[in-house]
1. Looking at the range 34-56, which of its residues are under 22 Å from Glu2 (Cβ atoms) and either in contact with a Lys or Arg (Cβ under 9 Å, 6 or more places away or on another chain) or surrounded by 14 or more Cβ atoms within 10 Å (Cβ to Cβ) (or both)?
2. May I ask you to list the residues in the range 1-49 that are acidic (Asp, Glu) and closer than 23 Å to Glu73 by Cβ?
3. From the residues in the range 13-33 that are of a type in the set (A, V, I, L, M) and out of contact with any Asp or Glu (no Cβ under 7 Å at 6 or more places or on another chain), which one is most open to solvent (accessible area, probe 1.4 Å)?
4. Has the range 25-32 got any residue that is assigned to a helix (DSSP H, G or I) and either touching a residue at least 60 places away in the same chain (Cβ under 8 Å) or in contact with a helix residue (DSSP H, G or I) (Cβ under 7 Å, 6 or more places away or on another chain) (or both)?
5. So which residues in the range 37-70 are more than 14 Å from His21 (Cα to Cα) and hydrophobic (A, V, I, L, M, F, W, C)?
Amino acid sequence: MERDSQLKLYEAVADQLKEAHTRVRALQVPEGVRMALNRKLLVISAAAKHDLVTADRRLSRFMKDLDEGRFPEVD
């Protein structure tokens, strides 16, 4: 049973990551902001390999920030 829930979480995180990448690609923001957002997604993807629950939580915060228009500051 534990394995089934782990697989479902993995699938949910994978789907959210795909959606997040699509949304970042569609944003009308400076290239530096887009690069910073992509780096965050890469970090979340790497974290998912080791700690899926934490990656899911970080991805949820990332998506919330996107929804609310909070983007990284770049110089």
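The values are calculated or read from the model by the stated rules, or taken from the named source; none is laboratory data. The structure displayed is predicted, hence computed values, not measured ones. Reconstructed Cβ throughout: ideal geometry from the backbone, glycine too, with neighbour counts over all protein chains shown. Surface areas here come from the heavy atoms of the whole protein model, side chains and all, with no ligands, DNA or RNA. Shrake-Rupley method; radii C 1.70, N 1.55, O 1.52, S 1.80 Å.
1. If we filter the range 34-56 for residues that are under 22 Å from Glu2 (Cβ atoms), which is where we start, we get 47-56.
Residues satisfying the conditions are Ala47, Ala48, Leu52, Ala55, Asp56.
2. Quick first cut of the range 1-49, residues acidic (Asp, Glu) only: 2, 4, 11, 15, 19, 31.
Of everything in the range 1-49, just one residue is acidic (Asp, Glu) and closer than 23 Å to Glu73 by Cβ, namely Glu31.
3. So, considering only residues that are of a type in the set (A, V, I, L, M) and out of contact with any Asp or Glu (no Cβ under 7 Å at 6 or more places or on another chain), the one most open to solvent (accessible area, probe 1.4 Å) is Ala26.
4. Narrowing the range 25-32 to residues assigned to a helix (DSSP H, G or I): 25-26, 31-32.
Right, trim to either touching a residue at least 60 places away in the same chain (Cβ under 8 Å) or in contact with a helix residue (DSSP H, G or I) (Cβ under 7 Å, 6 or more places away or on another chain) (or both) and you get none.
Looking for residues that are assigned to a helix (DSSP H, G or I) and either touching a residue at least 60 places away in the same chain (Cβ under 8 Å) or in contact with a helix residue (DSSP H, G or I) (Cβ under 7 Å, 6 or more places away or on another chain) (or both), one finds none in the range 25-32, hence no.
5. Ala46, Ala47, Ala48, Leu52, Val53, Ala55
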